[in-house]
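Trainee: First the structure, then my questions, so here it is.
The values are calculated or read from the model by the stated rules, or taken from the named source; none is laboratory data. In this text the structure is predicted, and so the values were computed from the model without any measurement. Glycine gets a Cβ as well: all are built from the backbone with ideal geometry, and neighbour counts include every protein chain shown. The accessibility values were calculated without ligands, DNA or RNA, using every heavy atom of the protein model including side chains. Shrake-Rupley method; radii C 1.70, N 1.55, O 1.52, S 1.80 Å.
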Amino acid sequence: MTLSIRAAVRADVPDILNFIRELAVYEKAGHEVEATEASLEEALFGPGTVTKAAICEKDGVAIGFACWFLSFSTWQAKNGLYLEDLYVTPEHRGSGAGKALLKYLARTALENGCGRFEWSVLDWNEPAIRVYEAIGAEPMSEWTRYRLSGDALAAFAAG
């Protein structure tokens, strides 16, 4: 088995969208995916995009992906790398593909002078939490994420 990680290209959009849908189903939120191939292509490859993706392949076949963007730490006065999604197909979990994607992103963060590499995980996703803790990542339990979206976002912005 040969694993390789590479930057995503436009031709990967159908695979990435499929992975996003599979991840959403795994996270019990399949009904929330609004992305289309066109909107995903624009988000990843359109002018001014801040979002990047990588593809993990086994013997030339896409088996997973990661999607990230740069964040910023005022305290460090440095960018950070924020991992939005990482997904490996069920039949390839445990093969080292997820860890390979994380290493790729860690190297990317360092190459870009980032002071942090951060992500979120659902509190019930024990397999992922075990992997993250095994590589030395620490939970940020003192922070609670907040979100405005949909109607609440529109109402607040208008009010």
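Trainee: Go ahead and run the numbers for FRET between Glu133 and Phe45, Cβ-Cβ distance against an R0 of 35 Å, rounding to 0.05. It would help to have the intermediate numbers written out before the result.
Mentor: Working: r = 34 Å, r/R0 = 0.97.
Taking R0 as 35 Å, the efficiency between Glu133 and Phe45 is 0.55.
Trainee: Which one of Thr144, Thr36, Thr74 has the biggest mean-square fluctuation once the chain is modelled by GNM with Cα springs under 10 Å?
Mentor: Thr144
Trainee: Hey, another quick one. If I histogram all Cα-Cα distances within the stretch 85-127 using bins 5 Å wide from 0, what percent of pairs lands in each bin?
Mentor: P(r) for the stretch 85-127, in whole percents per bin: 5, 18, 23, 25, 16, 9, 3.
Trainee: Sticking with this structure for a sec: Pull up all non-local amide H partners of Ile63: gap of 5 or more, or a different chain, and H-to-H distance under 5 Å with H placed in the peptide plane.
Mentor: Cys56, Glu57, Lys58
Trainee: With every protein chain present, what is the per residue accessible area of the chain (1.4 Å probe, Å²)? Show your work: numbers first, answer last.
Mentor: Working: 10360 Å² over 159 residues.
Per residue, the chain has 65 Å² of solvent-accessible surface.
Trainee: Cut-off 10 angstrom, C-alpha nodes, Gaussian network model of the chain. Which of Ser73, Ser141, Ser149 fluctuates the most?
Mentor: Ser149
Trainee: Specify the residue with the greatest mean-square fluctuation among Glu142, Glu133, Glu37, computed from a Gaussian network of the chain linking alpha-carbon atoms under 10 Å apart.
Mentor: Of Glu142, Glu133, Glu37, the most mobile in the Gaussian network model is Glu142.
Trainee: Something else: Check which residues have an amide H placed less than 5 Å from Asp85's amide H, if you skip close sequence neighbours.
Mentor: For Asp85, the qualifying residues are Cys67.
Trainee: Measuring from label point to label point, each 7 Å out along Cα→Cβ, what is the Lys103 to Glu118 span in nm?
Mentor: 2.6
Trainee: For Lys78 and Glu126, compute 0.36 nm times the residue count separating them, minus their Cα-Cα distance, and round to one decimal in nm.
Mentor: Values: separation 48, 0.36 × 48 = 17.28 nm, distance 3.09 nm.
Answer, rounded to one decimal: 14.2 nm.
Trainee: In whole Å, what are the extents of the chain along the principal axes defined by its C-alpha atoms, from largest to smallest?
Mentor: Computed over the chain, the largest-to-smallest principal extents equal 55, 35, 34 Å.
Trainee: At a 1.4 Å probe radius, which order do Asp123, Asp15 fall into by accessible area, largest first? Please report the intermediate quantities before stating the final value.
Mentor: Working: Asp123 130, Asp15 70 Å².
Result, largest first: Asp123, Asp15.
Trainee: How large is the direction-averaged shadow of the alpha-carbon convex hull of the stretch 34-101, in nm²? Present the calculation step by step, with values, prior to reporting the outcome.
Mentor: Details: hull surface 25.7 nm².
Here the figure is 6.4 nm², rounded to one decimal.
Trainee: Pop out the carbon and sulfur fraction of the accessible area of the chain as a percent, whole number, probe 1.4 Å. Show your work: numbers first, answer last.
Mentor: Working: 5660 of 10360 Å².
For the chain, the apolar C and S fraction of the accessible surface comes to 55 percent.
Trainee: Further question on the same structure: Would you check the accessible area of Trp124, probe 1.4 Å, heavy atoms only, in square angstrom rounded to 10?
Mentor: 100
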